[in-house]
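Colleague: Here you go, one structure.
Each value in this text was obtained by applying a stated rule to the coordinates, not by laboratory testing. Since the structure is predicted, the reported quantities are computational estimates derived from the model, not experimental observations. Counting neighbours? That spans all protein chains shown, and the Cβs are built from the backbone with ideal geometry, glycine included.
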Amino acid sequence: MEQSQIHYHFECKTPINQINLNIIDIVRLLSILLDNAIEEAGESSEKNIDILIYKNVDNTTKITLTNTVAHSASNINQLIKIGFSSKSNHSGLGLSIVEDLKQKYPNLFIHFSSNNYQFTTQIIIN
């Protein structure tokens, strides 16, 4: 993010000692989403990424990732299809892998939204 001159804010006020997902899957999930956020924010004029991680008293982990984008996403459902990519010479597997992980874990909820040149991913892990 620093190399791309992206302004970022990370907040995790309390330690998260356990997440109810396989550690490899959560790392894969976050790496795909962060790679996409960095690429999109780097192409935007604002160049911002906000990451918020917290655990509720009911032991639910919530992760919110918001990044600026150069072009507002018109069809989020198109983004998650296998093979779709907004990048040239790219396989377009990232968000379809995220969708596969959603299917693998009944306790994993992922919601994408776009508004005013910001793309937000909200992850809830019960």
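Colleague: Determine ³J(HN,Hα), in whole Hz, for all residues of region 29-44 in sequence, where each value follows from phi through the Karplus function 6.51 cos²θ - 1.76 cosθ + 1.60 and θ = phi - 60°; x replaces Gly and Pro.
Modeller: Result, ordered by residue: 4, 5, 5, 4, 5, 5, 4, 4, 5, 5, 5, 5, 5, x, 8, 8 Hz.
Colleague: Taking R0 as 35 Å, what's the FRET efficiency between N17 and S72 from their Cβ-Cβ distance, rounded to 0.05?
Modeller: So, using R0 = 35 Å, E works out to roughly 0.40.
Colleague: Can I ask one more? Between beta-carbons, use under 14 Å as the cut-off and find the net charge around Q122, counting Lys and Arg +1, Asp and Glu -1.
Modeller: +1
Colleague: Still on this model: Excluding I51 itself, what net charge comes from residues whose Cβ is under 12 Å from its Cβ, given Lys and Arg +1 and Asp and Glu -1? Walk me through the numbers before you get to the answer.
Modeller: Working: positive: K62; negative: E11, D50.
Result for the neighbourhood of I51: -1.
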